[in-house]
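The values are calculated or read from the model by the stated rules, or taken from the named source; none is laboratory data. Every value quoted in this text rests on a predicted model; they were computed, and no experiment measured them. Don't worry about glycine lacking a Cβ; one is built from the backbone with ideal geometry, like all the others, and counts go over all protein chains shown. Each accessible area value is taken on the protein alone, full model and side chains, heavy atoms only, with ligands, DNA and RNA left out. Shrake-Rupley method; radii C 1.70, N 1.55, O 1.52, S 1.80 Å.
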Amino acid sequence: MISAIVVAAGKGTRMNAEINKQFIDLQGKAIVLRTIEKLVKDYLIDEVVVVIVKEEEAIYNEKVKPYIVTDKKVKLAYGGKERIDSVKNGLALVDEASEIVIIHDGVRPFFSSEDIKAVIEGAAQFDGCIIGVPVKDTIKVVDKNGFVFDTPDRASLFAVHTPQAFKKKALIDAYKNYETSSTYNLPTDDASLVEHNKGRIKTIIGSYDNIKITTKEDLVFAKAILHKYKEEE
């Protein structure tokens, strides 16, 4: 059994909009609805857990829930203080029979069924599998005063996206270890937790279209991607 957790509990401060970014309309649909629709339609996924801010359940029930057409279970969890807390709350609702768990950003609607298949296959073989793209720009490491002190080799750098898939046991063990460890910095993705717990993570090349919509500029790009997809149909 395969479960997907959609993380949609972000505050969206960079968007500077009246509502949180996941509920912003993108060509007639809330962004998070576009994400959920793709997951529930995917034949490899058996259930979906959506994590939202508790205070936004009313807007979820208005803009998202009525438009999810599926016979699969779609569960609702509430977010926590940090992203890691939100994923943990979603993980608590995953079916006991689930063997692989996919974590996906609610505001990243341009993933493909091929992405889902690839990360599931990778997670089945290793502890986890993540998707992303090679970094195009030169990256500089700077100190607290803004001075450069290192330039990593761009060939070894990988911009990480979601979906990320993991063996459920590996993910749960990594979260338990995080709760009892004092050596962690706050992780920004779930792969970091599994890596820290000595898990083996496979990388898969994805698409540069698989953007995370967090700013108004991203919305412009997202509309262009939708237009491109329509032209290709």
Which numbered condition Tyr175 misses (of (1) within 19 Å of Val7 (Cα to Cα); (2) touching a strand residue (DSSP E or B) at 6+ places or on another chain (Cβ under 9 Å); (3) touching a residue at least 40 places away in the same chain (Cβ under 8 Å)): (2)
Count of the range 190-233 residues which are under 13 Å from Pro163 (Cα atoms) and open to solvent by less than 30 Å² (accessible area, probe 1.4 Å): 5
Filter result for Glu56 (more than 12 Å from Ile5 (Cα to Cα), out of contact with any Leu (no Cβ under 7 Å at 6 or more places or on another chain) and modelled with pLDDT under 95): yes
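Which strands (runs of 3 or more DSSP E) does the range 68-167 wholly contain that include 2 or more residues that are buried (at least 18 other Cβ atoms within 10 Å of the Cβ) and not β-branched (Val, Ile, Thr)?
Working: elements: 73-78, 100-105, 128-134, 148-150, 158-167.
Where strands (runs of 3 or more DSSP E) fall fully within the range 68-167 and carry at least 2 residues being buried (at least 18 other Cβ atoms within 10 Å of the Cβ) and not β-branched (Val, Ile, Thr), they are 100-105, 128-134, 158-167.
Of Thr203, Thr215, Thr183, Thr162, which residue is among the β-branched types (Val, Ile, Thr), closer than 27 Å to Lys38 by Cβ and at pLDDT below 95? Show your work before the answer.
Values: Thr203 fails: at pLDDT below 95; Thr183 fails: closer than 27 Å to Lys38 by Cβ; Thr162 fails: at pLDDT below 95.
When all the criteria are applied, what remains is Thr215.
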Subset of the range 194-233 [touching a residue at least 12 places away in the same chain (Cβ under 8 Å), assigned to a loop (DSSP other than H, G, I, E, B) and farther than 23 Å from Val107 by Cα]: Asn197, Gly199, Arg200
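I'd like to verify a number: residues in the range 33-67 that are in a helix (DSSP H, G or I), open to solvent by 20 Å² or more (accessible area, probe 1.4 Å) and closer than 15 Å to His104 by Cβ, how many?
Initially, the range 33-67 is screened for residues in a helix (DSSP H, G or I), giving 33-41, 54-63, 65-67.
So of that shortlist, the ones also open to solvent by 20 Å² or more (accessible area, probe 1.4 Å) come out as 34, 37-38, 41, 54-59, 61-63, 65-67.
Checking which are closer than 15 Å to His104 by Cβ leaves us with 34, 37-38, 41.
The number of residues fulfilling the criteria is 4.
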In the range 1-24, residue most open to solvent (accessible area, probe 1.4 Å) [restricted to those that are out of contact with any strand residue (DSSP E or B) (no Cβ under 6 Å at 6 or more places or on another chain), at pLDDT 75 or above and part of a loop (DSSP other than H, G, I, E, B)]: Met1
